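The values are calculated or read from the model by the stated rules, or taken from the named source; none is laboratory data. None of these values were measured; they are calculated from a predicted model. Methodologically, a virtual Cβ is constructed for each residue, glycine included, from the backbone with ideal geometry; neighbour enumeration extends over all protein chains shown.
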Amino acid sequence: MPARTRKPLSRIRSWGPPLLLVAPTIVIIAVFVYGLIAVNTQVSMTDRHSLQPATRFVGLENYFALLTEDRFLHSLWNLLIFTIVFIAGTMLFGFLWAWLLEKGVTAEGVFRSIYLFPMAVSFVASGVVWRWLLNSAEGDRASGLNRLFESMGLGFLQNPWWSDPTWGMAAIALPAVWQLAGYVMALFLAGFRGVPIELREAARMDGASEWKLYRHVIFPQLGPVALSALVIVSHMSLKVFDLIMSITKAIYQTEVPATYMWVVLTGNDYAKAATIATIMLLLAAVFIVPYLNYTNRKEREGR
Amino acid sequence: MTAAAPTSAALSLAPAARTRRRILSRTAKYVLLVIFVVVVLTPVYVLVVTSLKPPADVNPATSWGLPIRWPWEAATEGGPTGFDNWTLAWNALAPSLGRTFAMTIPAALISSMLGSMNGFVFSLWRFPHANLVFTLVLFGMFIPYQAIMTPLVQMKTTLGMPSNVVTLLIVHIIYGLPICTLIFRNYYESVPFEILEASRVDGAGMLRTFGSIILPISVPAFVVTIIWQFTSAWNDFLFAMFLSDTSGGPVSLALNNLAQGAQLSNYGASMAGALIASAPTLLVYIILGKYFVGGLMSGSVK
């Protein structure tokens, strides 16, 4: 190959320009993603709990303190409940909608656009209406969904929604499901469309019933899409902030690490805020790093 | 097809029963689809109807019903009308709307431009370890932004950056880079290599190839990234909360301020505000939905 015999100078001549073209981005990302993550980690290992500068390095002390703090564990527990309902809801409805729309539906585009539209709205805007829908008043004073249940003869479904101390976080996940199920639907639809037509034809030739065709031929092909959807939805769940701030404000009842971090940082406890943030980053990395590796590997195999 | 599979289990049913079953399952499918449409659109109904009710009409018992008096009827009778909600919301949000446009449009354009340059290099004009560098850039779009927020807030204070949309504009450009790069890279992956070879034979350098061959065919990808960046910057609340205040921040902050200040009796104004604040992104979605979905799907990497 001629490239092997090139002199170093010509190698620089061919690598130099592309490197220069992406240099601004590389520098920006290096500083504002990796640099700031490094500073954040460093701050989290100091005793900077006020506006005063840090006086000393405390190692992992802040981490130990946080991980044994009831309030932080409560926020993690809330996040877990939220995540379970959020993932189950978006995956269930997203999959169901995609399946229903998968083939031969008149006005498919209209249905798809309607299911997906909440994605275009901000959490702050949807929070306004969901705060109304999830009003905790019951009986005569009920409004929102409780009133709707009552008037439909489903009064037993009335509940205090997010004011419930145990299951309140599950109620907060409802708007999130409403907002993002359409996104999961779009992913699954792309997955359905990606199943080679020959596979379907072959199964039909073999006399497989419609259900068997799905069960044994099409669903198994959706594994990678389901994985993508799961990773994306989980990491969105970890970041949930806007929705909670908009529906309940930053209160203890519905606190998750993201809103707790806000409360702590506005109280100028820099070290603690940085500690919460690092834990959030680690939680996200657990999903994201293997996923990026996986897609990278798949891409290389695909070439 | 039926002839090709004479032993099919489905065929053992009498044709009439089969047709009946097919009609039944088709009907069930459409009934389900329509039920879900109603569920998904319920919040929209609530937003519109509540925004049109004057405070006097707000009553839990009739909260799901249409307004007792429509604003145009009430207007002739005098007294407060549902339009007052809209006036109130407009007055609360109007100052921030212009600022938000001034922030989102340049942010979308600049990160798209940088993204196309990056995407070109990472897919068509690579350098050694370009893939690794690309993955490292990509990681930036998955981090919880809290992980950089504490130092970012400190940096903003140290540099004396203002608590308004100017700072947010810069921030949106920076953190929009990974997704824009990704979208352009995926788009350019489908460009046939022969085009590049031809231009290399012609002796065109990198910049000329990019400017005269690649940029002209990049319009669809630009539409996707511009829409995506516009929508996410418009809807952003996290950076707005940490880095700006209501006097200089974007519309999401103004809306939140309006909504949090509202009592139950004043839901109408917050709902009108939510509709006003969502109008630009909803319009983009309705008119350019296809491209919006394109941006969405790129979030799943491949």
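So if I check each of A:Ala277, A:Ala226, A:Ala273, which one is closer than 23 Å to B:Thr157 by Cα, among the hydrophobic types (A, V, I, L, M, F, W, C) and within 17 Å of the chain's Cα centre (by Cα)? Break it down into steps so the answer makes sense when it comes.
Working: A:Ala226 fails: closer than 23 Å to B:Thr157 by Cα; A:Ala273 fails: within 17 Å of the chain's Cα centre (by Cα).
On inspection, the qualifying residue turns out to be A:Ala277.
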Can you tell which of A:Val22, A:Val105, A:Val39 is without any contact (Cβ under 8 Å) to a residue 40 or more places away in the chain, part of a loop (DSSP other than H, G, I, E, B) and facing chain B (nearest Cβ under 8 Å)?
-> A:Val105
Test result for B:Pro71, away from chain A (no Cβ under 14 Å) and crowded, with 16+ Cβ neighbours inside 10 Å | yes
Failed item, numbered, when B:Glu73 is tested on (1) assigned to a helix (DSSP H, G or I); (2) charged (D, E, K, R); (3) in contact (Cβ under 8 Å) with a residue 12 or more places away in the chain | (3)
Residues located in segment A:259-271, provided they are assigned to a helix (DSSP H, G or I) and either farther than 12 Å from A:His49 by Cα or more than 10 Å from chain B (Cβ to nearest Cβ) (or both) | A:Thr259, A:Tyr260, A:Met261, A:Trp262, A:Val263
Test: residue in segment A:192-200 that is in the same structural domain as A:Trp130 (by TED's automatic domain parsing) and closer than 30 Å to A:Ala285 by Cβ = yes
For segment A:120-145, which residues satisfy the criterion of being aliphatic (A, V, I, L, M), more than 7 Å from chain B (Cβ to nearest Cβ) and outside any loop (DSSP other than H, G, I, E, B)?
-> A:Leu145
For segment B:107-120, indicate whether the set of residues that are in contact with a Gly (Cβ under 9 Å, 6 or more places away or on another chain) and more than 30 Å from B:Ser190 (Cβ to Cβ) is non-empty.
-> no
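Results for (1) surrounded by 18 or more Cβ atoms within 10 Å (Cβ to Cβ); (2) within 11 Å of chain A (Cβ to nearest Cβ); (3) closer than 25 Å to A:Val233 by Cβ, shown as yes or no for each residue.
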| site | (1), (2), (3) |
| --- | --- |
| B:Ala198 | no, no, no |
| B:Thr209 | yes, yes, no |
| B:Ser218 | yes, no, no |
| B:Trp234 | yes, yes, yes |
| B:Thr246 | no, no, no |
| B:Val251 | yes, yes, no |
| B:Asn266 | no, no, no |
Do you know which residues across segment B:203-243 are over 20 Å from B:Ser298 (Cα atoms), assigned to a loop (DSSP other than H, G, I, E, B) and modelled with pLDDT of 95 or more?
-> B:Phe237
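Each row is one residue, and each column tells you yes or no for (1) out of contact with any helix residue (DSSP H, G or I) (no Cβ under 8 Å at 6 or more places or on another chain); (2) part of a helix (DSSP H, G or I); (3) among the small types (Gly, Ala, Ser); (4) away from every other protein chain (no Cβ under 13 Å).
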site	(1), (2), (3), (4)
A:Arg147	no, yes, no, no
A:Ala171	no, yes, yes, yes
A:Leu174	no, yes, no, no
A:Val177	no, yes, no, no
A:Met185	no, yes, no, no
A:Gly191	no, yes, yes, no
A:Glu198	yes, yes, no, yes
Mind listing whichever residues of segment A:44-75 are of a type in the set (A, V, I, L, M), surrounded by fewer than 16 Cβ atoms within 10 Å (Cβ to Cβ) and assigned to a helix (DSSP H, G or I)?
-> A:Ala65, A:Leu67, A:Leu73
B:Ile214 versus (1) within 12 Å of chain A (Cβ to nearest Cβ); (2) under 26 Å from the mean Cα position of the chain (by Cα): which is the lone unmet condition?
-> (2)
Could you say which residue among B:Trp86, B:Trp125, B:Trp72, B:Trp64 is modelled with pLDDT under 95 and over 30 Å from A:Asn135 (Cβ atoms)?
-> B:Trp125
Scan segment A:272-289 for residues that are crowded, with 18+ Cβ neighbours inside 10 Å and more than 9 Å from every other protein chain (Cβ to nearest Cβ) and report the count.
-> 3
Check segment A:32-40 and report whether any residue there is under 18 Å from A:Met169 (Cβ atoms), surrounded by 17 or more Cβ atoms within 10 Å (Cβ to Cβ) and modelled with pLDDT of 95 or more.
-> no
Qualifying residue in segment B:179-187 (condition: within 10 Å of another protein chain (Cβ to nearest Cβ) and either among the aromatic types (Phe, Trp, Tyr) or free of Cβ contacts under 8 Å to residues at least 60 places away in the same chain (or both)) | no
